[in-house]
Every structure is written in C-alpha cells, then in structure tokens.
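Single-structure report; data block below.
The values are calculated or read from the model by the stated rules, or taken from the named source; none is laboratory data. What you are looking at is a predicted structure, and each value in this text was computed from that prediction instead of being measured. Quick reminder, even Gly has a Cβ in these numbers, built from the backbone with ideal geometry, and neighbours come from all protein chains shown. Quick note on the areas: whole protein, heavy atoms, side chains included, nothing else; ligands and nucleic acids left out. Shrake-Rupley method; radii C 1.70, N 1.55, O 1.52, S 1.80 Å.
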Amino acid sequence: MSSLNSILLRRRTMGGVRAYSAALLTLAAALIHLAVAPEHLREYLPFGVFFLAVGCAQIVLAVELFARPTRGLATAMLAFSVGLVAMWFVSRTIGLPVGPSAGMPEQIGLSDVICNLLEIIASVLLVSLIVWPARCSLRQMWLIGVGSAPSGLVAVAMTFVATSAALNGMPEAVNVAPAAPGQPFTSVADLVEAPGSEPVKHFTLTAAVTQIDGRQAWAFNGSVPGPELRVTQGDRIQVTLLNQLPESTTIHWHGVQLPNAEDGVAGVTQDAVPPGGEYTYEFVAREAGTFWYHSHQRTGEQLPLGLFGPLVVVPANDAATQQRDYTLTLHGSSGQVWVNGVANNLHLDARPGETVRLRMINAVDPGMDGGPESPVLVGAPFQVVALDGRDLNAPDLLAPTRIPLGMGQRADLVFTMPASGSVRLIDTEVLGETSPVQNVLFATQKPALPSVTIGEGDLPEVGLSSTPLFDPLNYGKPAADAVAMTAPDLSVPLVLSKQPGIRDGRVELVHMINGEAAPGVPPITVSEGEIVRLHVVNTTGEYHPMHLHGHVFSLVAIDGRPVQGSPIRQDSVLVGPNQTVDIAFVANNPGVWMLHCHVLLHADMGMTMSVNYAGYATPYEMGTRSGNMPE
C-alpha cells in the first residue's frame, strides 16, 4: 500500500511540476509581450493594443494555472499559445494583411525568438497536462516548487535577455545633429556644389540584382566591382543613381572632399533612395588621386554583395609619366578574395622598360578580426607613391615589402618593368591578435589568395615568409606639414573598445568609442578653421581602419613615434591591435560627417560617430521610422 501511495505521490508531484513550469513559461512570455508593447504602440496603435491585451491575458491564465491546473484550462491555453506562434510565423514569412508593412514579412528579432521558444516549450507541457491532468495538494507544494525551480530559472534568464533586447532595440528615430531650438543653423541639405563652368563628366550607375559566375550579386551596371569612373582633376562629376534593388540604397564617395549634401550617407546627408527611385550626385573633383564609391545604406550587407567600384582622378597637369595605369580593387571576404572580379591570377599587359602604376583599393570585408590585406610586389623595385590617393614626398625604392591596407585604404605603387620576366603582385593577409595565425602567405606556385601578373615571361621567385612590413613613419623625405606641426585648437581622445552586450535588439560583441556605441556616441563638435587632433587608443586585439568622411588628416605619430619621413595625409588610418595613433585635420568642410571604423562588422556593432560643425544641422534621421540605416 505504501508503495502505491508513493507512486501516486510521485505522479501528482510531476503533474504539479508540469503545471507550474508551464505557468512560469507563460508568465515569462507575458512579460516579453508587455515589454515590446510600447514600441508597437508608437509604430501601429492596433498592434500595440494587441500586445498589451495578450500580455495581460497570459498573466491571468498563468495565475489560473497555478491555482487550478485543469484539463480545460490547459486546452484553452494551448490553443492560445499555438495561435500566437502561428501568427508570428505568418508575420515573419509572408506578412500580415494589416499593419504598417501590410503584406511584407517583418524582421525577426531576438525578443521574438525567445518569446516563441517559451511558448512552444509551454505548449508541450500543456499537451502533457491535457493527456495526464495534474492533481496537487498542499503536502506536495514544496516538492513541486523544487521540481519547478529549473523552469523558473530558465524563464527568468530568458525574460531578462528578451526584455533587455526589446528595451535596447533598433532606435525608431535618431538625428545625429538636430537643430537647437531658437538658434540659427544651416541645413546640410543646402551644402551642395555651387554652379560652375567646369567640364562635366556624367555617369549613370544602375544598382540591381544580377548573376555573376553563378552567384547572385548586387551590382552597379551589372559588374563587381562597378565600372571605373575615371575623370580629370577639375572636372564636374555628375552621377545618377538608378535604384532597381528590392531595398533602398545610396552612394558614398570614399575619400573625396566634397560638399556635405553629396556624401551619400543615409540618415545623415540624405534619405536613402527607394526601390525604383533615382538620385543625382554632383561635385567637382578638386583633388587628384585614387578613391572609390560604395553604398552607405545597410553598408555591412550591401557592400559585400557588390555595391562598390573605383573612382580615379588623374592630375590636370598629368605628364603621363606612367605608360601603364591600372586600378586593382581587392574585394570579397577573408575566406575568398578577388582582384577586379578574378579569383586566381589576373594578367595585365606591360612591356620591358615601361613604367607601371598600380592603384590598389582594399574593399575586402575582413570579418571580426579586421586584419588588413597586405599585398607584396615582386620582380622589380618599386615606390609607394601615394597613400589614400595623396602623394608621398620623394618616395624610396623598395625591395619586396608587404603594404598593409585596412578596409577602405588605398596605395599606389610605381615600378619599371624589367628587361625580361614578369612582375607579380601577391596578396597576403595580416591578422590581429584574436587569430592564431599572424601572416597568411603562400608559395608562388599555388596561391591561396589572388595575385596579379604584369607582363610576360618567367615568374619571379621570392621567399615571402621573411618579407618585411612597410614602415610609413620612416619612408620618403621629410617636408613641412603645417597640420601635423601646429598646436591643435581641439584635442579629442578616441578610445576603441568592445564588450559583450545587447544592442539593436540582439546579443552581440558591442564595439564602442569612448565607452559608448552608436548611436549613443557623443559627436565631436568643431568650429570652421580649427585644427583638431585625435588621440586614438585601441584597447582591442583587432584592427580598426578609422575613416573620416569629407576630410584629410595628417598622421602625427604611432605609439608615440612621430613621422620621420614623408608627410602622410589620409582619410582612413589603420589602428593596429593595442596601438595608439595620433592624427590631425583642419575643420575646413562644414557639415555633419561620419567618423567610423571601416570594418563593416565593427561599424554595425557600434563603432561609429560623427563630427558636427557648430551651427549646422541635418533634417534627416536614421532608424526604423525613416528606414535610413547607414551601417
């Protein structure tokens, strides 16, 4: 008899555990529904009311299940939960027939996933209660409490994560430079190129989905990279963007000093161009050099799909000292790199004695490590004549040397073809401290990364394992650099860091500037004419190529070591793992300008901010309301 009583007690206890666990999980789902209700109330009132009603109903049902876990109640709760999960599935696959995006699938958020997981687990427990109803007594309460403790802990943990994600979701609307009430201001929308008589070069770039070598790509004019735009210094450039993509996009002119309204940053200098829309950019190419263009709307998604291309501005007084002038765009990811769309070996023509210029652009998405591409030229001595499109003073001849290029950076190499044999550019990678491999190099016979062969004849053989890294601090001859040498009017520290956290409704490795992640990083406010010095401190084991829009800065020092050779003027500076870099720029281009890490993952995870000129404001906003998502 005692044995039978023991079995009955155990069964009743397990029934109570199932009932209490289902109630706890349902209560957790209710709290998540209430946490997301305010966002839905702002977005679409009926949805907000619906989430409030669902949350309140689930609280009542959970309390009832605690008090009297009957088969009828379990059946009603099961139907309710299954209905909610089914509605969520439809809204994320084909879309609901009502709402702000009727008929369109909604994005899947972390809160959604956790809430539905809780409801699915609760539904399984509710099915068991329907089949084997629970019968509880006061004698069993402490046993049921102990048995339900794991479910309670899971419910608490998942509720905390989900509600944190909901409360730290993608901002509905953020203005990085709002107008101050009662204060006069100039809108960045008015900062356009003034009319002039310069020669006009007009281009049309059509952004569309295409197939390249059996792979789907998003491309400008059907090619990846997009077409090279080659103009002469002093030309007036007009580029019409035709958007045939399924989502909005923009074009940013990386490294070009232009009026703020032409910078192409969604939510800062313009609204993103919607599907079927068009937009014309216009600016004067005042500075010669190697530049590039790319989308600045959902950059981390659109750029790797193929929305980028080269922009070359040749000097107005170019004496054509280079008989061969080639642009090489490295692109893809750290897993597969192409050069100008070629995966293995690209061949370029050149004859013995000819002078060759290679304009290298790093558009490779490096992943979390941020490690730069590091091409090596073998077969002829060469000069690094320009970095980020700006000439270096009296560049030295170099033997094979790796030239580190962070994403977004450029380097121009010049060499003379030897009397016999070919010259080869071999791509390598430099990885950060987070990777176990520091240098990925390959034999000349079987490259693992792409290479470029220039000319005909035997390939040069050079051992790459001991090839030194380029030292920008001691290259070329010194010359006056007023920006680097003048005491700054404003000094600003930029501390780069990272830590696990919840941002934009998801768990991620949050990347921060001065302890804050975008859009919460306070801007740097400058006045026109000031010399601004930035002291960049990288506390991470990653590489961060920091890019400032619309300006050129002078490199002052790396790890406290000043520039001893040619002045170095760039728009993107590579800050290595645990490194400090000092740069300076003149605030000579009014507006609101982005300053961010050009590793796409890092920028998307928060490592971005703005430089705002006093007295200037933007009418544009980023966030879910506008659909402008610059990173």
Exercise for the section: Within segment 23-44, identify whether any single residue is surrounded by fewer than 19 Cβ atoms within 10 Å (Cβ to Cβ), outside any helix (DSSP H, G or I) and under 33 Å from the mean Cα position of the chain (by Cα), and answer yes or no. Expected result: yes
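Starting from residues that are in contact with a His (Cβ under 7 Å, 6 or more places away or on another chain) and closer than 16 Å to H535 by Cβ, keep the ones in segment 581-594 and report whichever is surrounded by the fewest Cβ atoms within 10 Å (Cβ to Cβ). Even if it seems obvious, please write down each step before you answer.
Looking only at segment 581-594, we keep the residues that are in contact with a His (Cβ under 7 Å, 6 or more places away or on another chain), and these are 582, 585, 589, 593-594.
With closer than 16 Å to H535 by Cβ added as a condition, the list becomes 582, 585.
Details: D582: 23, F585: 25.
This residue is D582.
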Exercise for the section: Please state which of the following conditions M141 fails to meet, knowing it meets all the rest: (1) farther than 23 Å from E43 by Cα; (2) in a loop (DSSP other than H, G, I, E, B); (3) at pLDDT below 95; (4) of a type in the set (A, V, I, L, M). Expected result: (2)
Completion exercise
Scanning segment 307-333 for residues that are small (G, A, S), over 14 Å from I361 (Cβ atoms) and open to solvent by less than 60 Å² (accessible area, probe 1.4 Å) gives S333
Exercise for the section: Select from segment 16-63 the residues that are touching a His at 6+ places or on another chain (Cβ under 6 Å) and not aromatic (F, W, Y) and write down the one among them that is modelled with the highest pLDDT. Expected result: V54
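Taking only segment 369-384 into account, find how many residues are of a type in the set (D, E) and either in contact with a Phe, Trp or Tyr (Cβ under 8 Å, 6 or more places away or on another chain) or in a loop (DSSP other than H, G, I, E, B) (or both). Reasoning before the result, please.
Taking segment 369-384 first, the residues of a type in the set (D, E) are 369, 373.
Next, from what is left, pick out any that are either in contact with a Phe, Trp or Tyr (Cβ under 8 Å, 6 or more places away or on another chain) or in a loop (DSSP other than H, G, I, E, B) (or both): 369.
Number of matching residues: 1.
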Practice task
Give V573, V611 a once-over and let me know the one that is touching a strand residue (DSSP E or B) at 6+ places or on another chain (Cβ under 6 Å), of a type in the set (V, I, T) and either farther than 21 Å from A272 by Cα or open to solvent by 10 Å² or more (accessible area, probe 1.4 Å) (or both).
Solution key: V573
Exercise for the section: For H602, state whether it is surrounded by 24 or more Cβ atoms within 10 Å (Cβ to Cβ), at pLDDT 95 or above and in contact with a helix residue (DSSP H, G or I) (Cβ under 9 Å, 6 or more places away or on another chain). Expected result: no
Fill in the blank from the handout: Residue hits (segment 237-278; under 30 Å from A411 (Cβ atoms), open to solvent by 10 Å² or more (accessible area, probe 1.4 Å) and outside any loop (DSSP other than H, G, I, E, B)) are Q238, E262
Exercise for the section: Answer yes or no: is there a residue in segment 202-216 that is in contact (Cβ under 8 Å) with a residue 40 or more places away in the chain and part of a loop (DSSP other than H, G, I, E, B). Expected result: no
Exercise for the section: Filter segment 45-81 down to residues that are surrounded by fewer than 15 Cβ atoms within 10 Å (Cβ to Cβ) and within 37 Å of the chain's Cα centre (by Cα) and give me whichever is nearest to A30 (Cα to Cα). Expected result: V49
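Does segment 545-561 contain at least one residue that is under 24 Å from P184 (Cα atoms), part of a strand (DSSP E or B) and hydrophobic (A, V, I, L, M, F, W, C)? Explain how you work it out, then say what you get.
Going residue by residue through segment 545-561, those that are under 24 Å from P184 (Cα atoms) are 550.
Still in the running and part of a strand (DSSP E or B): none.
For segment 545-561, residues under 24 Å from P184 (Cα atoms), part of a strand (DSSP E or B) and hydrophobic (A, V, I, L, M, F, W, C): absent.
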Practice task
Pairs only if they're at least six apart or on different chains, beta carbon under 7 angstrom, first in segment 36-65 and closer than 17 Å to G109 by Cβ, second among the β-branched types (V, I, T); list them, first residue then second.
Solution key: F51/V36
Completion exercise
Here the qualifying pairs (Cβ atoms under 6 Å; residues six or more apart or on different chains; first in segment 76-105 and among the aromatic types (F, W, Y); second open to solvent by less than 60 Å² (accessible area, probe 1.4 Å)) come out as W88/N116
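Out of S148, S164, S128, report the one residue that is in a helix (DSSP H, G or I), modelled with pLDDT of 80 or more and hydroxyl-bearing (S, T, Y).
Working: S148 fails: modelled with pLDDT of 80 or more; S164 fails: modelled with pLDDT of 80 or more.
Matching residue, one of S148, S164, S128: S128.
Just a yes or no: is a residue in segment 456-466 among the hydrophobic types (A, V, I, L, M, F, W, C), part of a loop (DSSP other than H, G, I, E, B) and touching a Gly at 6+ places or on another chain (Cβ under 9 Å)? Spell out how you get there, then give the answer.
Restricting attention to segment 456-466, the residues satisfying the condition of being among the hydrophobic types (A, V, I, L, M, F, W, C) are 459, 462, 464.
Then drop every residue that is not part of a loop (DSSP other than H, G, I, E, B), which leaves 459, 462, 464.
With touching a Gly at 6+ places or on another chain (Cβ under 9 Å) added as a condition, the list becomes 459, 462.
Among the residues of segment 456-466, at least one is among the hydrophobic types (A, V, I, L, M, F, W, C), part of a loop (DSSP other than H, G, I, E, B) and touching a Gly at 6+ places or on another chain (Cβ under 9 Å), which makes the answer yes.
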Fill in the blank from the handout: Among strands (runs of 3 or more DSSP E) completely within segment 309-368, the ones holding 3 or more residues that are in contact with a Leu (Cβ under 9 Å, 6 or more places away or on another chain) are 324-333, 336-339, 355-365
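Which ones in segment 286-302 are within 12 Å of the chain's Cα centre (by Cα) and surrounded by 22 or more Cβ atoms within 10 Å (Cβ to Cβ)? Write out each step before concluding.
Going residue by residue through segment 286-302, those that are within 12 Å of the chain's Cα centre (by Cα) are 295-302.
Once the filter is applied, which keeps residues that are within 12 Å of the chain's Cα centre (by Cα) and surrounded by 22 or more Cβ atoms within 10 Å (Cβ to Cβ), segment 286-302 yields S295, H296, Q297, R298, T299, Q302.
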Exercise for the section: Go through segment 172-190 residue by residue and tally those that are polar (S, T, N, Q), in a loop (DSSP other than H, G, I, E, B) and either open to solvent by 60 Å² or more (accessible area, probe 1.4 Å) or under 17 Å from G550 (Cα atoms) (or both). Expected result: 1
Exercise for the section: Out of the residues in segment 191-217 that are open to solvent by less than 40 Å² (accessible area, probe 1.4 Å) and in contact with a strand residue (DSSP E or B) (Cβ under 6 Å, 6 or more places away or on another chain), state the one that is nearest to E282 (Cα to Cα). Expected result: E193
Handout entry: Selection within segment 483-509 - surrounded by fewer than 19 Cβ atoms within 10 Å (Cβ to Cβ), at pLDDT below 95 and either within 19 Å of G623 (Cα to Cα) or among the small types (G, A, S) (or both)
Key = G501, R506, V507, E508
Practice task
Could you grab me the full set of residues in segment 92-135 that are more than 20 Å from F80 (Cα to Cα), surrounded by fewer than 19 Cβ atoms within 10 Å (Cβ to Cβ) and in contact with a helix residue (DSSP H, G or I) (Cβ under 9 Å, 6 or more places away or on another chain)?
Solution key: V98, G99, P100, P105, E106, Q107, I108, R135
Practice task
For residues that are in contact with a Ser or Thr (Cβ under 9 Å, 6 or more places away or on another chain) and open to solvent by 20 Å² or more (accessible area, probe 1.4 Å), tally how many sit in segment 518-545.
Solution key: 7
